[in-house]
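These notes concern the structure reproduced below.
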Amino acid sequence: MGAVIAGWLTLGRAAAAAQNTSLTTVPVNATGLTPDLGRYPFSLPALPYAADALEPALDAQTMALHHSKHHAAYVANLNKALESAPAFQHLEVTELIMRLSEVPANVQEAVRNSAGGHHNHSLFWTGLTPKSLNRVPEPGGLLGAQLRGQFGSLDAFRQALSAAALGRFGSGWAWLVLERTGRLRVMTTPNQDSPLAAGVYPLLGLDVWEHAYYLHYQNRRADYVQAFWTVVNWPEVERRYALALRLAAG
Ligand SMILES: [Fe+2]
């Protein structure tokens, strides 16, 4: 209950901030899609499970490097970029993503990549759960019903997101997102771009940078994508969906 209240307090602050800008494409109270990531100086959130907890789908060495080196680098680079932009140090990560055009030009690209990388990876870790604890291998509730309705079946949805992940050239992400119309959609983003910047709410993200899988899967991205489905944290994705529906309606 405390976490729920804290989450809505965060939404309230962000919603107030949203009224001060006309440049956001999505209400900045999308912050509730991830745990509270705080403000500058940002710090690396702990993994919500041990590095080996997602074996065999995601091996421990890859997870440890991905989190402690790659994600950590996005956090460090975001702090470094904001050192010279003090007027933006009070913003949350989602606000930085959605107000990017206001950020000084000399650090705008760095903020784009590092704020996106910080938010994307925070969504990624919390969107996964150890297979041994995963008693919900398929989305249920309203999300399950809507995925079936909009894609035809859960298999068809998985195939659509998998195809998007395999078709993403180079580095980037495949996503299940909610449009502000209430429609679910599969999309991809290049590099560390966030779906928030495209005006949609990210519900589930799949990192298809080679750093996410190459140590274990080498060039077999398809095997990595297939394994990903065994460790999706569907209750968390359903929580994000319920929140995003309220934000989209709001
Ligand atoms: Fe990554």
Some residue of the range 56-64 being polar (S, T, N, Q) and within 20 Å of Tyr217 (Cα to Cα): yes
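Given the options Val231, Val208, Val225, Val237, name the one that is under 14 Å from the mean Cα position of the chain (by Cα), in contact (Cβ under 8 Å) with a residue 24 or more places away in the chain and within 16 Å of the ligand (Cβ to nearest atom).
Values: Val231 fails: under 14 Å from the mean Cα position of the chain (by Cα); Val225 fails: under 14 Å from the mean Cα position of the chain (by Cα); Val237 fails: within 16 Å of the ligand (Cβ to nearest atom).
None of the other options fit; the residue is Val208.
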Qualifying residue in the range 74-94 (condition: assigned to a loop (DSSP other than H, G, I, E, B), within 16 Å of the ligand (Cβ to nearest atom) and at pLDDT 50 or above): no
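So that you can scan it fast, the table gives a plain yes or no per residue for (1) open to solvent by 50 Å² or more (accessible area, probe 1.4 Å); (2) within 16 Å of the ligand (Cβ to nearest atom); (3) small (Gly, Ala, Ser); (4) at pLDDT 95 or above:
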| residue | (1), (2), (3), (4) |
| --- | --- |
| Ser132 | yes, no, yes, no |
| Pro137 | yes, no, no, no |
| Leu147 | no, no, no, yes |
| Gly152 | yes, no, yes, yes |
| Gly172 | no, yes, yes, yes |
| Leu178 | no, no, no, yes |
| Asp193 | no, yes, no, yes |
| Pro202 | no, yes, no, yes |
| Tyr214 | yes, yes, no, yes |
Candidate set from the range 95-121 (those that are open to solvent by 10 Å² or more (accessible area, probe 1.4 Å) and among the small types (Gly, Ala, Ser)); member that is nearest to the ligand (Cβ to nearest atom): Ala110
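Just wondering, is there one or more residues in the range 28-42 that are at pLDDT 95 or above, open to solvent by 30 Å² or more (accessible area, probe 1.4 Å) and in contact with a His (Cβ under 7 Å, 6 or more places away or on another chain)? I'd like the intermediate steps shown before the answer.
Going through the range 28-42, the residues at pLDDT 95 or above turn out to be 40-42.
Filter once more, so that each one left must be open to solvent by 30 Å² or more (accessible area, probe 1.4 Å): 40-41.
Of the ones still in play, those that are also in contact with a His (Cβ under 7 Å, 6 or more places away or on another chain) are none.
No, there is no match, as no residue in the range 28-42 is at pLDDT 95 or above, open to solvent by 30 Å² or more (accessible area, probe 1.4 Å) and in contact with a His (Cβ under 7 Å, 6 or more places away or on another chain).
Quick check on Asp223: is it among the charged types (D, E, K, R), surrounded by 15 or more Cβ atoms within 10 Å (Cβ to Cβ) and in contact with a helix residue (DSSP H, G or I) (Cβ under 6 Å, 6 or more places away or on another chain)? First the steps, then the outcome.
Numbers: among the charged types (D, E, K, R): yes; surrounded by 15 or more Cβ atoms within 10 Å (Cβ to Cβ): no; in contact with a helix residue (DSSP H, G or I) (Cβ under 6 Å, 6 or more places away or on another chain): yes.
So Asp223 does not fit the description; no.
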For His70: the one exception among (1) within 16 Å of the ligand (Cβ to nearest atom); (2) touching a Pro at 6+ places or on another chain (Cβ under 6 Å): (2)
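The values are calculated or read from the model by the stated rules, or taken from the named source; none is laboratory data. Everything numeric here is computed off the predicted structure, so don't read it as measured data. Cβ: placed from backbone, ideal geometry, glycine included. Neighbour counts: every protein chain shown. Ligands, DNA and RNA are stripped out before the accessible areas are found, and what is left, the full protein with its side chains, is counted by its heavy atoms. Shrake-Rupley method; radii C 1.70, N 1.55, O 1.52, S 1.80 Å.
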